[in-house]
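Visitor: Can you keep this structure in mind? I'll have questions shortly.
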Amino acid sequence: MNKAIRVPLDHLDPSHLRRIFGSFLTGVTIVTTIDGEGQPRGFTANSFTSVSLDPPLVLVCIDRKAASLRAFASCERFAINVLAESQRDLSSRFASKTGDKFAGVSFEKIGAGPPLLAGSLAWIDCENHQIVEVGDHVLLVGKVVSLHEGAGEPLGFFKGGYVSFSLERETPKIAPNTVFGCIVEHDGSVLLMREHDGSDVWTIPGAASTSAQAHMGGLIAKLDDLGVPVDVNFLYSVFELLDQRQTYIVYRGTVRERPNLRDCECFKFFSRDDLCWERLKHPQLSTMLRRYFDERDRSRFGVYVDSKDGGRVAKLEDAVLPFSSIEMLAQ
Ligand SMILES: Cc1cc2nc3c(=O)[nH]c(=O)nc-3n(C[C@H](O)[C@H](O)[C@H](O)COP(=O)(O)O)c2cc1C
């Protein structure tokens with residue numbers, strides 16, 4: 001079991017607080033309205049909560065510092081658009097300070113109502129029922145006036161990163177004995193993990209699983225606890241260890257904040273020169289990491305896909321296989 005960390009209340013670090021609050025897995029919404037000048041406004045929110053069935057009430061919390069606070073606090077109607085997995089980019093856009101968040105976004109309106117985003121899993125159109133100021137946020141309580149239910153997989157949010165659920169349903173397509181791993185790099189060094197038996201054998205962070213999503217979620221949370229907040233980005237290598245009948249699916253990850261490795265002898269960052277190449281668990285890991293360091297120097301990454309005739313590295317101008325595309329591999 002993980003150690004409990006007691007934090008004196010007068011020393012609460014906001015980023016620590018955000019991390020702990022972020023352990024509560026949520027969906028993601030975009031809250032929209034029309035401002036006093038008739039312009040569409042919106043922001044990404046995961047603080048959405050249903051409050052009451054009779055009368056039908058919902059709430060969402062908006063930061064007092066949000067640029068759109070005034071528009072929402074004074075509007076007559078707003079909508080909660082529940083995002084589908086395919087709307088992840090939209091979520092990032094509405095979480096940014098981009099000038100025209102609605103440029104190129106398709107939406108409809110009912111009369112003078114708020115923008116209802118196309119492709120949402122659901123939207124909930126509300127009257128502005130009550131505004132409650134609480135701490136550094138304002139609660140917008142809405143009374144539901146109309147609803148729409150769409151289709152698709154939900155977008156999730158957990159510990160500061162997006163989570164997709166469709167992979168869970170794809171599980172039977174992923175071969176048993178698959179190891180999902182990640183090359184986590186910071187400042188030219190990669191993170192390696194010591195074998196669980198305590199021997200001086202090292203491998204990339206990862207573990208065997210039949211579900212990429214379940215495993216990566218656990219790995220991201222574990223690294224976060226160790227003080228290495230990581231975003232898992234793009235597919236890097238797929239290879240098979242024939243003697244062990246094991247498939248490796250390896251992603252590239254980037255460290256979000258300066259890592260601060262805590263309490264661990266089992267995880268360590270190695271530069272190319274420090275790396276104990278002969279103590280890597282498999283020769284294939286050594287080949288992959290050498291390629292990684294070479295490609296990193298040139299800032300051009302490829303994707304290696306193993307095959308019976310020896311495998312090949314596909315060069316990519318831009319990395320095109322984000323983590324969420326892994327099901328393509330299994331088909
Ligand atoms: C997944 C996610 C959830 C968020 N949830 C909220 C939220 O519930 N309330 C909030 O005020 N900001 C939330 N934010 C941050 C806002 O989306 C962000 O500050 C945005 O820039 C506000 O837009 P505005 O300044 O144009 O109003 C969230 C961001 C992300 C990525």
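Quick note: the coordinates plus some simple rules give every number you see, no bench work behind them. Please read these numbers as outputs of a predicted model, since none were measured by experiment. Positions of Cβ are generated from backbone atoms using ideal geometry, with glycine treated the same way; all protein chains shown enter the neighbour counts.
Visitor: For Lys97, Lys159, which order do you get if you count the other beta carbons within 10 Å of each Cβ and list the fewest first? Don't skip to the answer; put the middle values down first.
Guide: On the way: Lys97 7, Lys159 20.
Arranged by neighbour count, lowest to highest, Lys97, Lys159 become Lys97, Lys159.
Visitor: Now for a different question. Taking the beta-carbon count within 10 Å as an exposure proxy, list Cys126, Cys182, Cys264 from fewest neighbours to most.
Guide: On the way: Cys126 29, Cys182 25, Cys264 13.
Fewest-to-most ranking of Cys126, Cys182, Cys264: Cys264, Cys182, Cys126.
Visitor: Further, regarding this structure: For the stretch 105-155 and the stretch 226-279, what is the centre-to-centre distance using only Cα atoms, to the nearest Å?
Guide: Their Cα centres are 40 Å away from one another.
Visitor: What is the gain in length, in nm to one decimal, between Thr98 and Glu278 on full extension, counting 0.36 nm per residue of separation less the C-alpha to C-alpha distance?
Guide: Numbers: separation 180, 0.36 × 180 = 64.80 nm, distance 4.84 nm.
Difference between extended and current length: 60.0 nm.
Visitor: Sorted by average packing, counted as other Cβ atoms within 10 angstrom per residue and highest first, what order do 114-123, 188-197 take? It would help to have the intermediate numbers written out before the result.
Guide: On the way: 114-123: 20.9, 188-197: 16.6.
Sorting 114-123, 188-197 by mean packing, highest first, produces 114-123, 188-197.
Visitor: Moving to a separate point now. Between their Cα atoms, which of Lys65/Lys109; Lys222/Lys268; Lys159/Lys222 are more than 21 Å away from each other?
Guide: The pairs that break the limit, which is 21 Å between Cα atoms, are Lys65/Lys109.
Visitor: Additional query: Say a paramagnetic label sat at a point 7 Å from the Cα of Glu37, along Cα to Cβ; which residues of the stretch 49-68 have their backbone N under 20 Å from it?
Guide: Within reach of a label on Glu37: 65-68.
Visitor: Moving to a separate point now. Compute the Cα gyration tensor for the stretch 1-144, then decide on rounded, prolate or oblate, letting a ≥ b ≥ c be the square roots of its eigenvalues: rounded whenever a/c is under 1.5, prolate when a/b is larger than b/c in the other cases, and oblate in all that remain.
Guide: Values: a/c = 1.79, a/b = 1.60, b/c = 1.12.
Prolate, because a/c is 1.5 or more and a/b exceeds b/c.
Visitor: Would you pull out the residues with amide H under 5 Å of Cys182's amide H, same chain only if 5 or more places away, H placed 1.01 Å from N?
Guide: When sequence neighbours closer than 5 places are left aside, the close amide H contacts are Tyr251.
Visitor: Fewest Cβ neighbours within 10 Å first, please rank Ile131, Ile204 accordingly. All intermediate terms of the calculation are to be shown ahead of the outcome.
Guide: Numbers: Ile131 13, Ile204 25.
Listing Ile131, Ile204 from fewest to most nearby Cβ atoms yields Ile131, Ile204.
Visitor: Peptides 11-17, 27-33: what's the order by average Cβ count within 10 Å, highest mean first?
Guide: Details: 11-17: 9.6, 27-33: 25.9.
Output ranking for 11-17, 27-33: 27-33, 11-17.
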